[in-house]
Amino acid sequence: MRGDSTPWLRFFWQTAKLDSATKSPSGSDLIRPATREEGEDVLKVILLSLSMDAAWNGSYAQAEEYLKGAISRFFNAEEPLCLVVPKGNRLIAASLLDPNPEAPSHLVSGPSVLMEYRNRGLGSQLLYGSLAALQEKGLAAVAGITRKKSVAALHVYSKFGSTSEPILFSTVEETPRESKS
């Protein structure tokens, strides 16, 4: 069920539409895959980024619970699909990804950039890198869900040929992901 009154948007990208001409080359060499040992640091960056975006105020606790579970699940896998941007010995941005074609949202966290590093193109570069990484995993279409008035929805997700639609979050939660038995 969809409706305009929902605070959630689902964005879609066709990975075949990605090309190197749309990629912003400056700074893209800073993005690298996360290691299994960086799970806690990735979670801190993502949660701090969300906490600084007023659009998440009403659902931060829900997002935190979801992301803690996702970090635990993906970072206990052999190789997590997560991109990070380091600066010195700390992470300043991260994007946790789900390569499962059946996932309701492949951008688990979306590009998350610490407040003091925003407005430098890192979110766009991280989104492009995320879409390209999912394309390399064989996904022809990528979905990402975010709050309607979030920084991601207003300034980042609209890039690289995306389309969007309002979505009730309960329809996402009810989508079967894995067997409970």
Pick from L96, L114, L48: which residue has the top mean-square fluctuation in a GNM of the chain where Cα pairs under 10 Å get a spring?
-> L48
Number of Lys pairs in the chain closer than 16 Å at Cα, excluding neighbours under 8 places apart unless interchain, is 7
Projected onto their principal axes, the Cα atoms of the stretch 58-161 stretch, largest extent first, over whole-Å spans of 32, 32, 32
Within a Gaussian network of the chain (alpha carbon springs, distance under 10 Å), most fluctuating of P111, P99, P86 | P86
With +1 on each Lys and Arg Cβ and -1 on each Asp and Glu Cβ, and nothing else charged, work out how big the dipole of the stretch 8-173 is about its Cα centre, in Debye to the nearest 20.
-> 520
Over the chain, with a single point scatterer placed on each C-alpha, what log10 of the ratio I(q)/I(0) does the Debye formula yield at q = 0.08, 0.10, 0.19 1/Å?
-> -0.22, -0.35, -1.45
Using Cα pairs under 8 angstrom and six or more residues apart, how large is the relative contact order of the stretch 1-151, in percent?
-> 36
Distance from a point 7 Å along Cα→Cβ of L48 to each backbone N in the stretch 125-156: keep the residues under 13 Å and list them by number.
-> none
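No value in this document is a laboratory result; all are computed from the given coordinates. Computed from a prediction, not measured in an experiment: that's the story for all the values here. No Cβ is skipped: glycine too gets one built from the backbone with ideal geometry, and neighbour counts run over all protein chains shown.
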